[in-house]
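Participant: Here you go, one structure.
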2 protein chains.
Amino acid sequence: MQEKIEQLKAALATAVDLERASYVLEWDQEVLMPEGGAQARADQRATLDELAHRYYTADEVGKLLDELVPHLDELDPASDEAGQIRVAKREYDQRVNVPADLVNQISQTSSLAIQAWQKARAEDDFPAFEPLLSKLVDLRQQWAACFDVGENSYDALLDYWEAGMTYDLIAEVFAGVKPPLVELVEAIVAHQDAVDPLVLEGHFGHDEQMAFSREVTEALGYDYERGRLDLAAHPFTIPFSSDDVRITTRVFEDNVVSCLMSSIHEGGHGMHAQNTSPDYYRTVLDDCKSMAIGESQSRFFENVLGRSKPFWRYWYPRLQETFPAMKSRSFDAFYKALNQSQPSLVRVEADEVTYGLHIILRFELENDLFNGRVKVADLPKEWNERMEAYLGLTPPNDAEGVLQDIHWAAGYFGYFPDYLLGTMWSVQLWEKMQQDIPDVVAQIESGKFDAVLGWQVEQVHRHGNKFNLPELSKKVLGGPLDWRPYMEYLKTKYGEIYGL
Amino acid sequence: MQEKIEQLKAALATAVDLERASYVLEWDQEVLMPEGGAQARADQRATLDELAHRYYTADEVGKLLDELVPHLDELDPASDEAGQIRVAKREYDQRVNVPADLVNQISQTSSLAIQAWQKARAEDDFPAFEPLLSKLVDLRQQWAACFDVGENSYDALLDYWEAGMTYDLIAEVFAGVKPPLVELVEAIVAHQDAVDPLVLEGHFGHDEQMAFSREVTEALGYDYERGRLDLAAHPFTIPFSSDDVRITTRVFEDNVVSCLMSSIHEGGHGMHAQNTSPDYYRTVLDDCKSMAIGESQSRFFENVLGRSKPFWRYWYPRLQETFPAMKSRSFDAFYKALNQSQPSLVRVEADEVTYGLHIILRFELENDLFNGRVKVADLPKEWNERMEAYLGLTPPNDAEGVLQDIHWAAGYFGYFPDYLLGTMWSVQLWEKMQQDIPDVVAQIESGKFDAVLGWQVEQVHRHGNKFNLPELSKKVLGGPLDWRPYMEYLKTKYGEIYGL
């Protein structure tokens, strides 16, 4: 059996290499590729993705899985061996149902759609993007039809990003969190004068912001000998291996923290990928495909840690040194401004409280789109109406509305809800970390982050893609994902800030 | 037959995509990859290169070539159709003789060797690089043994980079040029005081040098919407398609032109690749594999044009504006300093006259290495002795000696001689261009470069990989490569500068 597992790993190493090579082409495309490169890049990535698909679904892999899967129950479910088989089986099943030609079309179309989206966003021209987006939705419908998931085709997309997730499951969690969240948002809106957001504004140099972002992410434990921080329109993280994990950010020179908080967010993803067990190199366990687990890390570092008082007790004097304009602004005023909660248009700039409503909007809209209740051409109208209904705001243009995210252009549907699931879980992790490391808050206040990262590495990072969210939650916390600790955390923190 | 040619092109498109994807990984590795990425990058490139090899040598390709090659003489040899078959046949024959495992080993070893070379060069530590270099030479010996080229294994390497080239052929040309070249170098050495090289020295900002390099290359016709200029330890050019061609350069802040001249050199390669006929997209004709033709373009733009009086009549006032320290330095003094000829240690910084002797040294040393007359461990000693014998200089360290070039680390043996062959041919092209465009010198003096680029596009660039050097020389010039116009050009130009 051990021998067959080694054969399986060897057979899949080529697929993993091709997938990671495609990541390099993707990173280059989004960070620095000249415009003229689009067509060839689309063809090249389509070729790599199609070949990866073929290697993931090779006859040899199918045969080995047929032999190994029946013996899965003889293995410890938490063992690497069981993980290799379980994840290879999932990759195989997910892919073998989809014809290579369709995979190829999706890859090629999304490459072109990303270019079109960038242009449409810059020029606030949704109609120019619509034909490619429609084509992508059609292709994803065809893709979903390859799976046996009942009558809601959106379920196939949800399960793709998060093993075992369905519309019904997520809708139930969101139904739990939605009423108290709406209530909290309303209470905060009624106390807006408690926070002065202008405390974060001024002119803060591009290079200084990048340097400070680098300093902070490095102190948190992101390893620059095995990574890079670059600029991208929509910040993202991408691992070429655990020893070369690229993070990206963006700079707004009128805000002292937006670049930094993006960098910490992506740094969280980056550390997650950098600290995967080296035993998983070139295997299907190397790249954590659970979006919710991934987001638990980025949101933990960005929000639970990076917007906390203990964190800033250490970093605020350093921020003030880097940006002398901040010297006249008090710690309390800064802390409150950093955590300002206010309905706003752009998800990635949204605060911890209103963020959830951005996600619930996308989740419901995607579900309607894939069930034919909303047409692609009507997305701007639907988006704007729902923004008004949920957050009391109507986007002045599509660039700040339906065009704000890269995800749909990249063909990622069903991906958004995992952001909120991961955010909720990050708070559960933080509670457990405080139990396991009683002086963790004091350590953070004195700028020591080793124990924080060490805990996340031990509990989460090193496992890579071995466990899905329910499995890992049971292992680390002894129980499932729960929205209640998240709501408690929000109520306590924002109750204090807004004097509720 | 047309249908079979289309089948051949379709069959090879995947191989071309894989090759270009590997180029993207190579560019990233040399321009910006963090150190930690080396192992995974080596594995990924090895996988891509092995797969490209398999697709170039697929049974389908072999069968199509068996059917098409016998009918080659029914086609116009200058037609695209004939070119597609001829070049596919050469790629196939070159590759089918080499086992995929050996290709894989060479790719993997050279990835690691590039990292080791970078470190060894920085630390002046040849012994740390030697084991990987030895392994690469061994592997290239095994590679050469796969070909039927008579008793000199070096011939297989020469033919790989330049179709039809052999040691004997090149040795004959070099034998012709060597005596008058040595004579000219001696005459120049005796008149060193005619030129003051300090005219180029001072402090010239990094960003200003990069901006001026960009300005000049753009004016010459390098298209930045289909390319980028970045930094690299050893400048190089790499095409991901004709619509995304990356060039690189390096900056020495104490010299006003070294960054610029590197940029123009690579810009020459870049324009060559950018102007390949769009008809050749995703085919074997897209990427000119003749190093000599390639070098004729880089050397034409860098030297024949870029170090000429008419060129600088236009650009010198602009250089002086960008770098005010140059305002006190006369045109004549600048022109002479720019063309200073003096024996020196580093090939890429060598002048037009002594350059040939750097090449002849490498050509002879590689031939000795592959015929077992020189051992890898003895390369530093041999290098230094020959530098002394040819140019009267002994490198003070290996970083400025045997470690100066990336080529051997990349597994490129037999590549260097084509630099000199291309340099010679570039002068023949210039003579023909002057016949075809009688006022070309006046155009250059007034900063108009359209006709220059247009001529090169029409005569050389658009043909991509369709013709080898002898074929293209016959087509453009009506005759073969000749070293005499090159010697005449050098004697006239340097006779004037040095008052010989």
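Participant: Looking at the structure I just gave you, is B:A163 surrounded by 17 or more Cβ atoms within 10 Å (Cβ to Cβ), small (G, A, S), touching a residue at least 40 places away in the same chain (Cβ under 8 Å) and within 29 Å of B:P395 (Cβ to Cβ)?
Facilitator: Against the criterion (surrounded by 17 or more Cβ atoms within 10 Å (Cβ to Cβ), small (G, A, S), touching a residue at least 40 places away in the same chain (Cβ under 8 Å) and within 29 Å of B:P395 (Cβ to Cβ)), B:A163 does not qualify.
Participant: Sticking with this structure for a sec: Could you figure out which of (1) over 30 Å from A:I170 (Cα atoms); (2) within 14 Å of chain B (Cβ to nearest Cβ); (3) among the hydroxyl-bearing types (S, T, Y) isn't true of A:T276?
Facilitator: (1)
Participant: While we're looking at this one, here's another question. If I filter segment B:29-44 down to residues being farther than 15 Å from A:D17 by Cβ and not aliphatic (A, V, I, L, M), which single residue comes out as farthest from the other protein chains (Cβ to nearest Cβ)?
Facilitator: By that ranking, first place goes to B:E30.
Participant: Hey, another quick one. Somewhere in segment A:267-280, is a residue more than 22 Å from the chain's Cα centre (by Cα) and at pLDDT 95 or above?
Facilitator: yes
Participant: Read through the list (1) in contact with a helix residue (DSSP H, G or I) (Cβ under 8 Å, 6 or more places away or on another chain); (2) more than 7 Å from chain A (Cβ to nearest Cβ); (3) under 30 Å from A:E26 (Cα atoms), then give the number of the only condition that B:R86 fails.
Facilitator: Here B:R86 meets the rest and fails (3).
Participant: Kindly evaluate A:D439 against the criterion of being charged (D, E, K, R) and over 27 Å from A:S242 (Cβ atoms).
Facilitator: yes
Participant: Next question. Of all residues in segment A:10-28 being more than 17 Å from B:L32 (Cα to Cα) and among the acidic types (D, E), which is nearest to the other protein chains (Cβ to nearest Cβ)?
Facilitator: Ranking the candidates gives A:D17 first.
Participant: Working carefully through the options B:L200, B:L231, find the one that is at pLDDT 95 or above and under 21 Å from B:V304 (Cβ atoms).
Facilitator: Answer to the check: B:L200.
Participant: (1) touching a Ser or Thr at 6+ places or on another chain (Cβ under 6 Å); (2) among the polar types (S, T, N, Q); (3) away from chain B (no Cβ under 13 Å): which one isn't true of A:T47, the others all being true?
Facilitator: (3)
Participant: Additional query: Which one is surrounded by the most Cβ atoms within 10 Å (Cβ to Cβ), of the residues in segment B:67-95 that are assigned to a loop (DSSP other than H, G, I, E, B) and among the aliphatic types (A, V, I, L, M)?
Facilitator: Selected residue: B:L75.
Participant: Given B:D148, B:D138, which one is loosely packed, with under 15 Cβ neighbours inside 10 Å and either at pLDDT 90 or above or in contact with a strand residue (DSSP E or B) (Cβ under 7 Å, 6 or more places away or on another chain) (or both)?
Facilitator: B:D138
Participant: Let me ask you something else. Return yes when A:G176 is farther than 30 Å from A:S22 by Cβ, not assigned by TED's automatic domain parsing to the domain that holds A:I360 and not charged (D, E, K, R) and no when it is not.
Facilitator: Judged against the criteria, A:G176 is not a match.
Participant: Collect the residues in segment B:50-73 that are of a type in the set (F, W, Y) and more than 10 Å from chain A (Cβ to nearest Cβ), keeping them in residue-number order.
Facilitator: Residue satisfying the conditions is B:Y56 alone.
Participant: So B:A333 ticks every box in (1) in contact with a Pro (Cβ under 8 Å, 6 or more places away or on another chain); (2) within 28 Å of B:I188 (Cα to Cα) but one. Which box is left unticked?
Facilitator: Among (1) in contact with a Pro (Cβ under 8 Å, 6 or more places away or on another chain); (2) within 28 Å of B:I188 (Cα to Cα), the lone unmet condition for B:A333 is (1).
Participant: For the condition in a helix (DSSP H, G or I) and touching a residue at least 12 places away in the same chain (Cβ under 8 Å), what is the one hit in B:E215, B:E186, B:E225?
Facilitator: Selected residue: B:E215, the only one of B:E215, B:E186, B:E225 that is in a helix (DSSP H, G or I) and touching a residue at least 12 places away in the same chain (Cβ under 8 Å).
Participant: Right, next: Would you check if there is a residue in segment A:177-189 being surrounded by fewer than 16 Cβ atoms within 10 Å (Cβ to Cβ) and over 25 Å from A:V346 (Cβ atoms)?
Facilitator: No.
Participant: While we're looking at this one, here's another question. Among (1) farther than 21 Å from A:T14 by Cβ; (2) crowded, with 21+ Cβ neighbours inside 10 Å, which single condition is B:V16 missing?
Facilitator: In the conditions (1) farther than 21 Å from A:T14 by Cβ; (2) crowded, with 21+ Cβ neighbours inside 10 Å, B:V16 misses (1) alone.
Participant: So which residues in segment B:351-379 are over 29 Å from B:E302 (Cβ atoms) and surrounded by fewer than 22 Cβ atoms within 10 Å (Cβ to Cβ), if there are any at all?
Facilitator: B:D368, B:N371, B:G372, B:R373, B:V374, B:K375, B:V376, B:A377, B:D378
Participant: Here are some residues: B:V98, B:V103. Which one is closer than 26 Å to B:V137 by Cα, of a type in the set (A, V, I, L, M) and outside any helix (DSSP H, G or I)?
Facilitator: Every option except B:V98 fails the conditions.
Participant: If you check A:A410, A:A350, which single one turns out to be touching a Phe, Trp or Tyr at 6+ places or on another chain (Cβ under 9 Å), under 18 Å from A:E295 (Cβ atoms) and at pLDDT below 95?
Facilitator: Just a single option satisfies the conditions, and that option is A:A410.
Participant: Run B:A122 past the list (1) exposed (fewer than 15 other Cβ atoms within 10 Å of the Cβ); (2) at positive phi and report the number of the one that doesn't hold.
Facilitator: All conditions pass for B:A122, except number (2).
Participant: Out of all the residues in segment A:250-272, which are in a helix (DSSP H, G or I) and not aliphatic (A, V, I, L, M)?
Facilitator: Selection gives A:S258, A:C259, A:S262, A:S263, A:H265, A:E266, A:G267, A:G268, A:H269, A:G270, A:H272.
Participant: Take the residues in segment B:233-249 that are within 26 Å of B:V199 (Cα to Cα) and not in a strand (DSSP E or B); name whichever of them is farthest from the other protein chains (Cβ to nearest Cβ).
Facilitator: Residue satisfying both the conditions and the ranking: B:H234.
Participant: Which residue out of B:D193, B:D168 is within 30 Å of B:R86 (Cα to Cα), exposed (fewer than 14 other Cβ atoms within 10 Å of the Cβ) and not β-branched (V, I, T)?
Facilitator: Result of the check over B:D193, B:D168: B:D168.
Participant: Could you give me the residue pairs with C-beta distances under 6 Å whose first residue belongs to segment A:20-35 and is closer than 13 Å to A:A46 by Cα, whose second residue is basic (K, R) and surrounded by 21 or more Cβ atoms within 10 Å (Cβ to Cβ) wherever it lies, and which are 6+ apart or on separate chains?
Facilitator: Qualifying pairs under 6 Å: A:S22/A:R45; A:L25/A:R45.
Participant: Being in contact with an Asp or Glu (Cβ under 8 Å, 6 or more places away or on another chain) and of a type in the set (G, A, S) narrows it down to one residue among A:S263, A:S296, A:S290; which is it?
Facilitator: None of the others qualify; the one that does is A:S290.
The values are calculated or read from the model by the stated rules, or taken from the named source; none is laboratory data. None of the values given here were measured: they were computed from a predicted structure. When we count neighbours, we look across all protein chains shown, and the Cβ atoms used for this are built from the backbone with ideal geometry, even at glycine.
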